[in-house]
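See below for the structure under consideration.
Bear in mind that the values in this text are calculations on the coordinates, not laboratory data. Just so it is clear, the structure is predicted and the values come from calculations on it, not from any experiment. Here the Cβ positions follow ideal geometry from the backbone for every residue, glycine too, while neighbour counts run over all protein chains shown.
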Amino acid sequence: MLKVRLQQSHPIALDVELHCERGEILALVGPSGAGKSTVLRCIAGLHKAKHGQIRCAEQLWFDDKSKLDFTPQQRRIGMVFQHYALFPHLTVHDNIRLALTEQKDSKRKIDDLLEQVHLTGLEQRYPNQLSGGQQQRVAIARALAREPEVLLLDEPFSAVDKVTRRKLYLELNTLRRSLEMPIILVTHDLDEAAMLADSLCVIHNGKTLQQGPPDQVLHRPRNIEIARQVDVRNLLTAELIDVDGQLKLKWHDYVLTVDNTAQLTAGQRVHWTVSPAKVLLHQRVRPSRGEHENPVTGVIQELITLKGITTVLLRIENTNNEIIQMDVPEHVAMRNELTIGDKITASILSDAIHIMPD
Amino acid sequence: MRLIFVFVLSCCFFPVHAEEIRIAAATNLRYVLPVLAEKFEQQTAHHIAISFAASGTLTTQILHDAPFEVFLSANPDYINRLADMGKTDGDVIDYAEAQLAFYAAKHSKLKLDKNLSSLAVGLKSGSLNKVAIANPKHAPYGQAAETALKKAGIWQAIQKHLLIAENASQAVQFTMSTSVDAGFVPYSHVIQAKLESTGRFVKLDSMLPQQAVLIKGAAEPAKQFLDFLQTEAASSILIKHGFVVEDEK
Amino acid sequence: MDWQAFEVSIKLALLTSASLLPLGLGLAYLLANSRFVGREVLEAAITLPLVLPPTVLGYFLLVGLDSSSFFGGLFVSLTGHTLAFSFTGLWFASIIYSLPFAVQPMLRSMEAIEPEIREAAWCSGLSKWKTFFKIELPLAWPGIVTAMVLSFSHTLGEFGVVLMIGGNIAGETRTLSIAIYDSVLAFESAQAQSMSLILLAIAFVSITVVFLFNRSRSRVVSF
């Protein structure tokens with residue numbers, strides 16, 4: 001288990017708190033300049049924050065109060081840099097060998113590592129003779145050769161093309177199951193984070209805003225600031241009203257039922273959001289059975305289809321032209337012959353509505 | 001209109017004021033020549049431009065047609081070489097003789113005498129430091145020093161102690177270093193007010209002929225300067241600066 | 001052909017470049033990898049001999065190496081010999097004079113190493129020393145070879161400084177360039193020519209070797 005707490009005001013402002021369990025991938029997400037790489041460097045020992053503490057397993061690696069600061073060599077970390085930083089004058093074999101904790105039995109260990117990253121047979125090549133994806137794997141193998149307590153990946157997929165990236169995602173997923181260490185992945189790509197991470201931590205301007213399972217952070221951000229950071233779609237405002245002892249959401253003329261209303265009071269102005277996947281189309285062709293929760297009516301303004309999902313931009317009536325996005329499978333859109341300008345009705349699932357205080 | 005234009009142009013090419021005489025002089029004349037030049041400039045309307053350098057350097061430059069009109073050298077060999085190559089114009093003039101001094105700066109403990117016996121003593125006892133001379137290969141003061149050392153019978157023994165300067169002036173400069181006990185320098189330098197207070201010296205018997213010659217292509221003013229060098233006025237200045245002028249008249 | 005002067009020149013050049021190897025490496029490493037107050041001033045000071053007229057350097061050395069100066073006096077008390085007008089004095093002067101020729105190429109090649117590579121080495125468990133010898137040195141090798149050859153050639157060609165502070169002592173401070181100058185002044189053209197050709201040949205060969213070496217090296221290490 002890796003526990004990190006960092007504070008400093010310059011040269012880069014930091015107010016960080018995060019943790020990562022063994023075998024867990026924590027994605028550290030944020031825009032460029034948010035401080036993600038700085039945090040990673042602090043964990044690696046390449047940068048010393050002014051205040052804080054870094055604990056890995058039972059070992060204290062950094063503690064400003066007791067003036068403790070282990071060098072990178074003293075910490076057991078495996079770091080994969082954004083541009084891999086392979087030693088250009090050494091073969092793949094020697095690149096990995098330098099990182100081995102014990103030189104004994106090196107040939108077998110290197111062969112095992114190369115097999116793990118699917119690079120068997122390439123040990124005599126030089127880095128400039130490898131493709132981007134291959135270099136990346138060597139970097140990972142070199143990081144693992146160190147038998148690290150934690151694996152740090154600094155935007156490892158950013159320098160690779162999309163096709164190779166997909167392949168590497170799958171390989172990382174397989175790999176991590178055999179690794180028993182916390183893995184921290186720094187990325188600015190939310191989709192990548194959502195796909196790979198067990199835990200997602202949002203960082204902005206050096207401050208960690210929220211950490212939790214991706215679904216929670218992405219669709220139930222704690223406040224509006226985080227919501228903006230994770231690019232939440234359907235960010236709207238409304239007022240809470242009391243209806244027969246139950247709190248409901250008054251959004252323009254609509255009164256919406258909401259499931260989670262703990263710690264909320266009537267009369268509060270709030271922000272609310274709902275995942276586009278949880279806004280259900282009232283099908284024209286085959287009317288759905290069951291209650292029609294929170295029905296809203298609107299006119300289709302735009303239809304965007306990508307990878308089998310059609311995003312519908314629905315301009316809701318009587319709401320001053322507010323737009324709600326809903327994602328429907330492409331075949332559903334086709335079957336219902338959705339066209340721009342059509343008037344349709346949709347249900348906003350009440351358990352998917354997430355409320356954030358103002 | 002055109003006439004005025006031509007007139008103005010010609011003035012640019014042919015300055016109305018007196019011409020400049022370009023003189024190449026060996027470095028041992030560093031102190032006396034400016035005084036001679038000033039006197040000459042007072043008497044005539046001409047202006048003098050002097051270039052000081054080692055005689056060898058100047059000879060090479062003149063051989064390659066450097067625009068000098070008069071060459072003043074302490075080394076007859078160089079003047080002969082120029083004459084052989086047809087670079088000179090007219091006779092060579094012996095206008096004075098220079099003298100050699102054996103000089104030690106203030107810091108030095110060496111005793112100075114005309115026979116250079118202190119050097120022999122220092123060599124024997126191993127207490128002798130460095131001795132500066134101009135390069136005997138090409139500098140006349142160096143050659144004179146070599147002659148004096150050979151006469152004293154210590155030329156071979158003193159080899160390891162010799163500091164060889166590029167020219168006579170640098171030899172003077174070397175003697176200022178605390179690593180140097182003494183040096184063979186132009187007498188005309190050591191009697192200058194500047195140097196008199198910085199050390200002591202003894203005049204040696206060697207005489208170095210100072211020669212002057214016109215370079216081919218020299219103009220009339222240059223000839224006038226050569227004549228001036230042989231006048232009483234010039235002689236008295238030369239004597240005051242430590243040169244010897246034979247009274248031939 | 002003054003073989004003694006040739007020997008003095010070669011000895012001086014070899015000794016100077018050998019001395020500049022550790023000195024230059026140390027300074028280049030310091031300048032490449034540290035950020036400290038006065039870093040630019042240090043770099044300027046090291047580069048100074050490049051733009052300083054040899055006569056200026058010669059003047060300051062003349063004063064600084066003199067037995068009456070602190071440094072010169074210290075040397076006399078330690079060794080019994082004077083520092084001025086000695087081979088050792090020339091060696092010191094050459095180190096200063098050729099310093100930028102050694103430091104600049106080494107510094108450039110070290111700066112060209114991406115900081116991430118050093119950091120990757122540290123994260124892989126290599127100490128700073130090991131990183132230097134196994135990673136930085138091999139990568140900066142072309143710059144180091146260039147530095148050595150340049151400082152060798154530069155020292156071989158030294159003239160102005162040697163003229164001012166050498167004293168032209170046969171077998172000790174009479175270098176080949178001084179011997180050439182003497183021969184020219186004494187109108188010994190044959191001697192002057194043969195010695196000049198030898199210096200020219202050495203300079204040309206060494207520069208060519210540097211270029212060939214750098215070209216072949218860059219084919220292996222391109223990233």
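State all residues of segment C:51-78 that are of a type outside the set (A, V, I, L, M) and touching a helix residue (DSSP H, G or I) at 6+ places or on another chain (Cβ under 8 Å); if no residue qualifies, say none.
Matches in segment C:51-78: C:P53, C:P54, C:T55, C:G58, C:Y59, C:G64, C:D66, C:S67, C:S69, C:F71, C:G72, C:F75.
Taking strands (runs of 3 or more DSSP E) that fall entirely within segment A:36-133, which contain at least 1 residues that are over 27 Å from A:F157 (Cα atoms)?
Passing ranges, in order: A:51-56, A:59-63.
Taking helices (runs of 4 or more DSSP H) that fall entirely within segment C:147-223, which contain at least 3 residues that are more than 22 Å from the chain's Cα centre (by Cα)?
In segment C:147-223, the matching helices (runs of 4 or more DSSP H) lie at C:176-185, C:189-220.
Can you give me the number of residues within segment A:110-123 that are within 14 Å of chain C (Cβ to nearest Cβ) and either over 30 Å from the mean Cα position of the chain (by Cα) or of a type in the set (S, T, Y) (or both)?
1
Do we find a residue being surrounded by 20 or more Cβ atoms within 10 Å (Cβ to Cβ), touching a Phe, Trp or Tyr at 6+ places or on another chain (Cβ under 7 Å) and within 14 Å of C:W91 (Cα to Cα) anywhere in segment C:176-188?
No: segment C:176-188 contains no residue that is surrounded by 20 or more Cβ atoms within 10 Å (Cβ to Cβ), touching a Phe, Trp or Tyr at 6+ places or on another chain (Cβ under 7 Å) and within 14 Å of C:W91 (Cα to Cα).
Give the number of residues within segment A:116-171 that are of a type in the set (D, E), under 21 Å from A:V39 (Cα atoms) and surrounded by fewer than 22 Cβ atoms within 10 Å (Cβ to Cβ).
Residues that pass the stated criteria total 2.
Which condition breaks for A:T91 when tested against (1) in contact with a Phe, Trp or Tyr (Cβ under 9 Å, 6 or more places away or on another chain); (2) within 21 Å of A:V186 (Cβ to Cβ); (3) not aliphatic (A, V, I, L, M)?
(2)
Under the condition of being of a type in the set (S, T, N, Q) and buried (at least 16 other Cβ atoms within 10 Å of the Cβ), which residue from segment A:325-358 is nearest to the chain's Cα centre (by Cα)?
So the residue we want is A:Q325.
Any residue in segment C:123-137 that is within 14 Å of chain B (Cβ to nearest Cβ) and in a helix (DSSP H, G or I)?
Within segment C:123-137, not a single residue is within 14 Å of chain B (Cβ to nearest Cβ) and in a helix (DSSP H, G or I).
Search segment B:105-130 for residues that are in contact (Cβ under 8 Å) with a residue 12 or more places away in the chain and pair each with any residue that is of a type in the set (F, W, Y) when their beta-carbon atoms are under 7 Å apart and the residues are at least 6 apart or on different chains.
B:L112/B:F102; B:L112/B:F201; B:L116/B:F102; B:K130/C:F85
Give the residues of segment A:324-345 that are in contact (Cβ under 8 Å) with a residue 60 or more places away in the chain and closer than 25 Å to A:I224 by Cα, sorted by residue number.
A:I324, A:Q325
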